[in-house]
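Worksheet for the structure shown next.
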Amino acid sequence: MNIETIAIHEGNKIDQSTGAVIQPITLSTTFERDHSGDFPSGFAYTRADNPNRKSLENLVAKLENGTDACAFSSGNAAGGAVFQALEPGSHIIAPNDMYHGLRALINTVYVGVLTVDYIDFSDLESVNAAIKPETRLIWVETPSNPLLKVTDIKAIVNIAREHNILICCDNTFATPVFQRPFELGADLVMHSSTKYFGGHSDVLGGILITRTKNDFWEKIRNIQVLAGAVPSPFDCYMIIRGIKTLPYRMRGHAANAHRIANYLASHSRIERVYYPGLPDHPGHNIAKSQMIQFGAMLSFTVKGDSEDARGVLNKLHLFTRATSLGGVESLIEHRASVEGPDTKTPFNLLRVSVGLENIEDLLADLAQALKI
Ligand SMILES: *Cc1c(COP(=O)(O)O)cnc(C)c1O
């Protein structure tokens, strides 16, 4: 099956008792045993498993072409389960522009338990040089945030293979519609379902997918079920509903983003546009070889300082000033303020999550906001 068909059918079960075409939300926390004491439905207690969560996990495992998935209550809970599954004393290599929430999780919660080096992944030599005997995980995030840097997944896989190191790829920005980490050799894929999967900025969630079921995956399943950071049945329903239109939404998002990137790149007030689809982007060729399309996140710097960038931000009407991404509405934010005082993000940089509004309306809004 192709991805549009998987997105619509693999997360749904027609209800046998009512004939409901859309799988109902099963709110019951507990499930009846038969006379022999077994659970004929396979469900016992909803922290352990739930019909809506099972459908979501089946759907996302198929979308990523993996063998199994574990759904969590947030992207950070999903990423955190990978860190928690590592033996104490393990070493992680992560990108120096890793999603700031996961970086904060490692640095605050896992301090003293795990060690980590943050490396520039565009320099493969320095990734290689960071490997220690206790390195167990290389965390990949591509394209990254907010400079849209592109990591060569295959090259990182080749480095990791020699040393028996796990590779987990945060595929939130690209989604399986545009990037297939398992086909490039990754072991685990992670998503914040809060973003493009949900797609409407109204549900929080995260999910991990594995290429093969092994002991490490068994540990992650135990962390999900026993630590219990599981999504509610309603949240699972919402994410499944969002994913049905994911392939079509992603095409619209990417087409709009490409037009906006080209428009900004030729505007006299813009210093630089960060979008992997532009030929002058340093990661363009790698992105072209490992992605199907270039996604819908982009950043740009306005000539001048933070005030000039904020001036543009505050004149926009259709782009909402808010963090996060992946919803149908366009969002824009002054990224340095979100990341705090130790940020390396340029102060004149604005990050955009390009939505699905009509492109002419978005371009007109940008044009009026950039007029001096
Ligand atoms: C949002 C995000 C996360 C964290 O997900 P939450 O659902 O907010 O916990 C992780 N990685 C990336 C790339 C993200 O954008």
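How would you rank TRP217, TRP139, going from fewest to most other Cβ atoms within 10 Å of each one's own Cβ? Present the calculation step by step, with values, prior to reporting the outcome.
Numbers: TRP217 21, TRP139 27.
Least to most surrounded, the residues fall as TRP217, TRP139.
Using the alpha-carbon centroid of each, what span in Å lies between the stretch 250-266 and the stretch 25-49?
48
Among the aspartates and glutamates, which have Cα under 12 Å from the Cα of LYS62 when same-chain residues fewer than 8 positions away are ignored?
Reachable aspartates and glutamates: GLU4, GLU10.
Quote to one decimal, in nm, the extra length available between ASN358 and GLU32 on full extension: 0.36 nm per residue of separation minus the C-alpha distance between them.
112.3 nm is the gain from fully extending ASN358 to GLU32.
What distance in nm separates the simple spin-label points at SER289 and ASN12, each placed 7 Å from Cα in the Cβ direction?
If labels sit at SER289 and ASN12, their model points lie 4.0 nm apart.
Neighbouring Cβ atoms within 10 Å as the yardstick, rank HIS317, HIS35, HIS281, HIS200 fewest first.
Placing the least packed residue first, the sequence is HIS35, HIS317, HIS200, HIS281.
Which of the lysines could a cross-linker span from LYS371 if the Cα-Cα distance has to be under 30 Å and same-chain partners fewer than 8 positions apart are dropped?
Answer for LYS371, where 30 Å is the Cα cut-off: LYS149, LYS303, LYS315, LYS344, listed by chain and number.
Relative contact order of the chain, please, whole-number percent, based on alpha carbon pairs below 8 angstrom and at least 6 residues apart. Don't jump to the answer; show the numbers that get you there.
Values: 747 pairs, mean separation 62.6, N = 372.
Here the relative contact order equals 17 percent.
Within the chain, what's the longest stretch lacking GluC sites (Glu not before Pro) that sit in DSSP loops with no more than 15 other Cβ atoms inside 10 Å?
Values: sites that count: GLU32, GLU134, GLU329.
Counting at most 15 other Cβ atoms within 10 Å as exposed, the longest clean stretch of the chain is 135-328.
Exposed loop sites here are trypsin sites (Lys or Arg not before Pro) in DSSP loop states with at most 16 other C-beta atoms within 10 Å. What is the longest stretch of the chain lacking them?
Maximal segment without exposed cleavage sites: 48-212.
First check a/c for the stretch 101-192, with a ≥ b ≥ c the square roots of the eigenvalues of its C-alpha gyration tensor; if it is under 1.5, answer rounded, and if not, answer prolate when a/b is larger than b/c or oblate otherwise.
oblate
As a test of the formula, what do you get for the chain when each DSSP H run with n ≥ 4 contributes -39,500 (n - 2.57) and the sum is divided by the residue count, at 222 nm and rounded to the nearest 500 deg cm²/dmol?
-10500 deg cm²/dmol
Could you pull out every one of the aspartates and glutamates with an alpha carbon less than 14 Å from that of LYS288, ignoring same-chain neighbours closer than 8 positions?
Within the straight-line limit of under 14 Å, LYS288 reaches these aspartates and glutamates: ASP152, ASP280.
Going by C-beta contacts inside 10 Å, put ASP123, ASP187, ASP15 in order with the fewest on the left. Before the final figure, lay out the partial values.
Numbers: ASP123 10, ASP187 22, ASP15 14.
Taking fewest neighbouring Cβ atoms as first place, the list is ASP123, ASP15, ASP187.
Computed from the coordinates by the stated procedures, all read-outs in this text should not be read as laboratory data. Just so we're clear, the structure is a prediction, and the values are computed from it rather than from any experiment. Heads up, the Cβs are rebuilt from the backbone with ideal geometry, glycines too, and the neighbour counts pull from every protein chain shown.
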